[in-house]
Amino acid sequence: MLSCFTLPAAVTLVSYAAALDIPGLLSSLGPAPANDLRFTNFQAPGAGDVRSPCPGLNTLANHGFIHHNGKNMTIPHLIAGLAAGMNIGADFTTVIGAAGLLSSPNPLAGSFDLNDLNQHDFPIEHDASLSRQDAYFGNDYRFYNPNWQQVLSFYKGMAYTNIPTASQAKYARVNDSMVKNPTFTYGLREFVLSYGETALYLQTMSDPVSGVAKVDYVRSMFEQEKLPYALGWRPSAQPVTLPSLGNMILELYNANPQKVPEGATITADSYKDAFEVIVGGSEILANLTGGISSALGL
Ligand code: HEM
Ligand SMILES: [Mg+2]
């Protein structure tokens, strides 16, 4: 019986890779023009649509930059959609997209559904999220306002974010979970990924360098899973890349140094390294992404 399921998946992977124009895909990336209707066309998920513990992907699905039903997310689809909606570079989308594929019941089929990402503790979901509950307490993927209010309390009276405050808010969530959750898990993977997620909201809501985003923009993305286009937000002119995120992780860490799990050292490459470990190395990454990672030099 098993081979009946595995064979079509392998065939799908081969044909997907063969049919893909990788140079064409990678050469035409960037934010959609300001008058693209998707920026203003927000639609909350309806019956049968699925969403995830990721406010970024949910937001992009709500605007139709990626499939609104939340299903059948392939790496090429994500590369195009994340670039159009938020100017995310193909390098980041490829590595995190490959990690996302591992959450699918059949990674070799080359796609995942957003609710596959709800799986606790692997490959990406973790405790001490900014806006979700730990799996120990129940639902780890739906917006959970009490935890988010802990984060927002650090921005009280502030119109803009900054690196030290973002770092403190993130660390407060870790301490809160550590005290309350008897199954709390926070190793190097969780440490690096959660810094990356703070860097992601700072960079997508502003630019890949400053860490200064309007708090109202950040709230729109987390609380409504809506692009703050009507509030004046536009995608960054510079792409958000694996190096830009890696650099900001280091800045966030240096602003408020915490004990690093497993005695590791945090560098600008830690983010890239974490994904390489999660995915299982560059060859598996190349297989999972139909060769896209190799074309990007990853
Ligand atoms: C293929 C691309 C992506 C995948 C597979 C992915 C997956 C995930 C997953 C599984 C989580 C849950 C981690 C947790 O337990 O907190 C998460 C969190 C997060 N993601 Fe994504 N993500 C992607 C792209 C993005 C993008 C483009 C953004 C841009 C804003 C983003 C922003 C965030 C943020 C801010 C969190 C933290 C949420 C929280 O702590 O409450 N992600 N992502
Ligand atoms: Mg979580």
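The values are calculated or read from the model by the stated rules, or taken from the named source; none is laboratory data. Fair warning: this is a prediction, and the values are worked out from it, not measured in the lab. When we count neighbours, we look across all protein chains shown, and the Cβ atoms used for this are built from the backbone with ideal geometry, even at glycine. Please note that ligands, DNA and RNA were not included when accessible areas were found on the heavy atoms of the full protein model with its side chains. Shrake-Rupley method; radii C 1.70, N 1.55, O 1.52, S 1.80 Å.
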remark   = Between the Cα axis of helix 90-101 and the main Cα principal axis of the chain, the angle (0 to 90°, nearest 10) is 80
inquiry  = Taking amide H atoms as placed 1.01 Å from N in the peptide plane, list the residues 5 or more away in sequence, or in a different chain, whose amide H sits under 5 Å from that of residue 160.
reply    = 215
inquiry  = If you count only protein heavy atoms with a 1.4 Å probe, what accessible area per residue comes out for the chain, rounded to a whole Å²?
reply    = 43
message = On C-alpha positions alone, give me the angle between the axis of helix 188-204 and the longest principal axis of the chain, in degrees, nearest 10.
response = 80
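At a 10 angstrom cut-off on C-beta neighbours, averaged per residue, how do the peptides 24-33, 86-95, 145-154 rank from highest to lowest? Spell out each step's value before the answer.
On the way: 24-33: 13.3, 86-95: 25.5, 145-154: 15.4.
In descending order of packing, they fall as 86-95, 145-154, 24-33.
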request  = For residue 230, put the label point 7 Å out on the Cα→Cβ axis and report which residues of the stretch 43-82 keep their amide N under 13 Å from it.
outcome  = 43-44
key: Ordering of 112-119, 155-162, 291-298, 66-73 by burial proxy (mean other Cβ atoms within 10 Å per residue, highest first)   = 112-119, 66-73, 291-298, 155-162
query = Among 180/259; 214/259; 170/259; 170/214; 71/272, which pairs are too far apart, with a Cα-Cα distance over 23 Å?
reply = 214/259; 71/272
ask   = Among 141, 69, 152, whose Cα lies farthest out toward the positive end of the dipole of the stretch 2-295, if unit charges sit on the beta carbon of Lys, Arg (+1) and Asp, Glu (-1)?
value = 152
Volume per residue of the C-alpha convex hull in the chain, rounded to whole Å³ = 137
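Summarise the accessible area of the chain (1.4 Å probe, protein heavy atoms) by the percent that is carbon and sulfur.
58
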